[in-house]
Structure formats: C-alpha cells, structure tokens
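Report on one structure; see the data block that follows.
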Amino acid sequence: MTGATGFVGGATLQRAGAAGWQVRALTRRPQEPRDGVTWIDGALDRPDSLAAMIAGADAVLHIAGVVNVPTRSAFEAGNAIATANVVAAARDAGVARFVHVSSLAAREPALSNYGWSKERAEAVVMESALDWTIIRPPAVFGPGDTDMLDLFRMVGRGIALLPPPGRMSAIYVDELARLLLAVTADRKETVGRIYEPDDGQDGGWTHREFAKAIGRAIGRPNVPALSVPAAVLKAGGHLDRLVRRDRAKLTPDRAAYIAHPDWVAAAGTQPPAALWQPALATDEALARTVRWYREQGWL
C-alpha cells in the first residue's frame, strides 16, 4: 500500500488491520509498530523500496498522490511519474492486481495541473496490462482531513464562502476505505473498471446544500452561504499561496477546478451494489467528523 500515512490511506490501513490483512506500507518517516503492518522505508521515486513493498504481495493498492504542489512538473512527478513507478514495480514483481486511487478531477484534465496529472496517471494504469481498477473519489471528508477543515471552521464561525453555483458529490473517508478493500479483494468483477463512488445522494449536492449539512452537524443549521465568483476565488488562491505558502489550501490551481460546476459522480459509475454501497448517512458522517475535530481542538 502506498499513501498509508495520509488521510485516505490511514483510514484504509486501519480497516485493513481490523479485517486481519497483512500489509506492507511505504513510509518516508519512522512509524509506530502496528499489528499486521510492515513499514517499508522508502518513497515513490525509489524503485528499491517499491520492490520491497510489492514482492510476494497479492495486490497493490496505490493511494498516494499530491494535491497541492506549486508547479505542473511537481504534479507530474507526484502523480503520473510516481504511478508509473509503482506500476513498473508491480509488473516486475509479477503482481497483477492493481487498485489505483484517482480523482474526479481526472475527468477534466484541461482545468488544472492536478486534473491533468491525475488523468495521465490513469492512462499509465490503463495501459499497464495489469488487472487494474480505478477509483475516482469525489470530495472526501472525515476525521483527519485538513482539506475541508477551513469550510468546517467557516461554518462554525457563522458563514460559508462557497465556489460559484454548481453541484458536487461527497464521500466519508471510512466508506471510501471500505470500498478500497472490497475492490482490492475482488479478482473478477471490478477488473478494468473505473468507479466514481459517492454517499448515495441522488444527483449530488449543491455547494449550498452541503454547507447547510455541515451547519447542521456543527449546530448552525441556518448558516448564511455565499457563492464567490470564479475570478475572486482565483485571486483568493493567489493570496492564500502568498500568505500560507506551502501550507496554502486554496491555490490558484485548486481554485480553477473548484470553480467547475459539475463534480458529481456520473450515473452508471457506481461500484456493484453487491460489493459495496454507502452504509452511513451523510448527516451522521458529518456529525462524527465534527466530533473528531472538536476532540482534537481543530474546531
């Protein structure tokens, strides 16, 4: 598994351990020992560590990627080239089953460097001749997430500044982790498929509806929600990059794809219902997220 020390990967690793899986997980930094986990010191640009991680495995689950780097070449390195390295290691090790975590942004590669790099990574996987499955999550939220934290904090302060009017899908991180394990274990039905999972909200959410749902979880059900024009959103990306530098959450690149009006999981792209379907209502998932944020002092 790559990305096991990140937000989605951490939730997936926790579920894998609870299910009794034995996992070799890549890490750049020393980690605390965990039952069922063998930590492999390495990185996505170190073929020796990828070989050590994959040798003798039943499947490869590639979750790692970059979402917030300053240049197109850095996105290419962290997403497309890194994926090519993992694919090559799987092929060299003779491990055919390959599950790749992409993004809905890959549907619109012209909008942003991020989407462009994720689309290129998908192409690498699809051309690999491995038994691949690609998962394109929509907006992922849950305990440990820092990307949506600013929105939760805004709502907690009594206002929600939102992208231009549009629709989006969302998924709770633990639900996504459950899907990733189910797909990884599958050896037939999901091979060669691209899935766009979501929380089961038919037609997705408007940005305003989702902000209101966060408001209910926080205890501000009537929070004012204001749409920000695309030009202002882009300017805010430049300002956030200037002020918070590498810690910026709203970058110009991110502003470009956030402003797109349709980030809804497409009809017909859901995983097979017999394999996985959302089991937790989004209002409850948001409430659990808020409780976790408060327990950590983040909110």
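Quick check for you: with a 1.4 Å probe and neighbouring chains kept, what is the accessible area per residue of the chain, in Å²?
46
Taking the Cβ of Tyr293 as the center, what net charge do the other residues with Cβ under 11 Å away carry, scoring Lys and Arg +1 and Asp and Glu -1? Display every interim value, and only then the final one.
On the way: positive: Arg153, Arg288, Arg291, Arg294; negative: Asp145, Glu295.
Counting the neighbours of Tyr293, the net charge comes to +2.
Please compute the length gained on full extension between Gln296 and Gln270, using 0.36 nm multiplied by the number of residues separating them and subtracting their Cα-Cα distance.
Gain on extension, Gln296 to Gln270, equals 6.0 nm.
Calculate, in nm to one decimal, what Asn222 and Arg34 gain on full extension: separation in residues at 0.36 nm each, minus their alpha carbon distance.
63.4 nm
Say each of Ile159 and Ala55 gets a label point 7 Å from the Cα, pointing the same way as Cα to Cβ; how far apart are those two points in nm?
Result: 5.8 nm between the two label points.
Within the stretch 176-224, which trypsin sites (Lys or Arg not before Pro) sit in a loop by DSSP and count at most 11 neighbouring Cβ atoms inside 10 Å?
Answer by residue number: Lys188.
Each residue of the stretch 130-135 in turn: what ³J(HN,Hα) in whole Hz from Karplus with 6.51, -1.76, 1.60 and θ = phi - 60°, glycine and Pro shown as x?
These are the phi-based 3J(HN,Hα) values: 7, 7, 8, 9, 10, 10 Hz.
Skipping prolines and chain starts, which residues have an amide H placed within reach, meaning under 5 Å, of the one on Val228, given they are 5 or more residues away or on another chain?
Leu162
Compactness ratio of the stretch 74-222: Cα Rg over 2.2 N^0.38 Å, N = residue count?
The stretch 74-222 yields a ratio of 1.18.
What are the extents of the Cα atoms of the chain along their three principal axes, listed from largest to smallest and rounded to whole Å?
That works out to 54, 40, 38 Å along the principal axes.
Whole-Hz ³J(HN,Hα) for each residue in the stretch 72-88, computed from phi via Karplus 6.51 cos²θ - 1.76 cosθ + 1.60 with θ = phi - 60°, x for glycine and proline: what do you get?
4, 5, 5, 5, 4, 5, x, 10, 6, 5, 4, 5, 4, 5, 5, 4, 4
Which residues does a label at Ala19 reach in the stretch 44-59, if reach means a backbone N under 12 Å from a point 7 Å past the Cα toward the Cβ?
From the stretch 44-59, the list is 59.
Check the chain and count each lysine pair with an alpha-carbon distance under 23 angstrom, considering only pairs eight or more places apart or from different chains.
Working: Lys118/Lys234; Lys118/Lys249; Lys212/Lys249; Lys234/Lys249.
Lysine pair count for the chain: 4.
At 1.4 Å probe size, with the rest of the protein present, what percent of the exposed accessible area of the chain is carbon and sulfur atoms?
It is 53 percent, rounded to a whole number.
Translational diffusion coefficient, Stokes-Einstein: compute it for the stretch 11-55 using the Kirkwood radius over C-alpha pairs as Rh, at 4 °C and 1.567 mPa s, and state it as an integer in µm² s⁻¹. Could the numbers behind the result be given before it?
Working: Rh = 11.0 Å.
Roughly 118 µm²/s, to the nearest whole number.
How many nm is it between the label spots at Asp41 and Thr206, if each spot is 7 Å from the Cα in line with the beta carbon?
Spacing of the two 7 Å Cα→Cβ label points: 5.5 nm.
Residues of the stretch 194-210 with backbone nitrogen within less than 18 Å of a virtual label 7 Å along the Cα-to-Cβ line of Met126, please, listed as ranges.
Answer for the stretch 194-210: 194-197.
So what J values fall out for the stretch 142-159 if you push phi through Karplus, 6.51 cos²θ - 1.76 cosθ + 1.60 with θ = phi - 60°, rounded to Hz, Gly and Pro as x?
For the stretch 142-159, the Karplus curve yields x, x, x, 6, 10, 5, 8, 4, 4, 5, 4, 5, 4, 4, x, 8, x, 7 Hz.
Run the numbers on the chain and let me know its relative contact order in percent, using alpha-carbon pairs under 8 Å that are six or more apart.
Computed value for the chain: 17 percent relative contact order.
The values are calculated or read from the model by the stated rules, or taken from the named source; none is laboratory data. Note that the coordinates shown come from a computational prediction; the quantities given were computed from them, not determined experimentally. Neighbour counts run over all protein chains shown; Cβ positions are idealised from the backbone, glycine included. Note: areas computed on protein heavy atoms with side chains; ligands, DNA, RNA excluded. Shrake-Rupley method; radii C 1.70, N 1.55, O 1.52, S 1.80 Å.
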